1. Please give the helix 195-211 orientation as an angle from the longest Cα principal axis of the chain, in degrees from 0 to 90, rounded to the nearest 10.
2. What FRET efficiency comes out for the pair Asn168/Glu276, r = Cβ-Cβ distance, R0 = 41 Å, nearest 0.05?
3. Quick one: Debye curve from the alpha-carbon atoms of the chain only, equal weights, vacuum; give me log10 I(q)/I(0) at q = 0.12, 0.14 Å⁻¹ to two decimals.
4. Pick out, from Gln279, Ile242, Ser204, the residue whose Cα sits farthest towards the positive end of the charge dipole of the chain, with +1 on the Cβ of Lys and Arg and -1 on the Cβ of Asp and Glu.
5. Nearest 0.05, what FRET efficiency do Arg252 and Arg45 give at R0 = 41 Å with Cβ-Cβ as r?
6. Quick check for the chain: number of Lys pairs with alpha-carbon distance under 24 Å, counting only pairs 8 or more apart or on different chains?
7. If you filter region 16-75 for GluC sites (Glu not before Pro), then keep DSSP loop positions with at most 15 other Cβ within 10 Å, what is left?
8. Please compute, for the alpha-carbon atoms of region 136-286, the extent along each of the three principal axes and give them in descending order in Å.
Amino acid sequence: MISRISILGTGLLGTSLGLGLKAAGFTGRIEGWSRTKEQVHIALRMGAIDAVAVDPIAAARESEVVMLSMPIFATLDFMAQLSGQLTPDHLVTDVGSTKRLISESAAQLYNKPNCPAFLPGHPMAGKERSGAALADANLYIGAVWLFTDVVAARRTPRAAELVKEWRNWVAALGSRVIDIDPVRHDELVAWVSHLPQFVATAMSALLEDEVGNAPELKDVGGRALREMTRLGASPYTMWRDIAHTNTEAVERALQALEQRLAHLRENLRTPALRGEFDQANRFRRE
């Protein structure tokens, strides 16, 4: 039975996880750590964690489950550090937004005899702004939590038990668990998550250039503007790693969108424009 969890990275997702676990009935001890002291102390004040960890490696050793809730390259760094410090009685998991590199690293460093277990995960939940202060115990309710677990057969019985129990806790948070191949994961999220983000970033940057100084902008821009640019507030620090680790899939999605936009531009006065609206309406109905 899991009785101690360390959350390394107490930003929005990590702090929301602590709050959600407690709301779901977890009665064990949760320690938190962050490179930014302000963030971890906010998590402590909110009740998401029971204590602040001074040393993340030491906290991981004393826990049964270690959650890496940080940007992807930081996750990869911690995976390498922890693999030599933990035992088969430990489970490490993560919330990284791309999974191919993380899953490959897990296959090399974890899930073998005498090695800790690693379960690559990605909850499809979040907000356009980051930080512990925005954490919400209900963030994961109704969310899809993806796992790219391709090495389950290689685990020790104890590690398999930890994985099973952690997946049960994810379900207790209110999330729907789906297993998926890591390469397929990165292909899909490039379309449904990364493309919307980069479109919103480009649109927001363009509007800032073109009309950002217009005093009447807030009056003229209504719900459509707010909805289309909401993701423009997302932090570069998170999306930099996503762009670096899923470059090819994002490029393909952006190129396809560029072609679609060119098609729209060329057919503003032709019946083909109606076809695009019909196609879009079908997607929204489904």
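1. Rounded to the nearest ten degrees, it is 50.
2. 0.40
3. -0.80, -1.03
4. Gln279
5. Between Arg252 and Arg45 the formula returns 0.40.
6. Taking the Cα cut-off of 24 Å, the pair count is 9.
7. Glu62
8. Computed over the Cα atoms, the extents are 64, 36, 32 Å.
The values are calculated or read from the model by the stated rules, or taken from the named source; none is laboratory data. These numbers were taken from a predicted model, which means no experiment stands behind them. No Cβ is skipped: glycine too gets one built from the backbone with ideal geometry, and neighbour counts run over all protein chains shown. Calculation scope for accessible area: heavy atoms of the full protein, side chains included, ligands and nucleic acids excluded. Shrake-Rupley method; radii C 1.70, N 1.55, O 1.52, S 1.80 Å.
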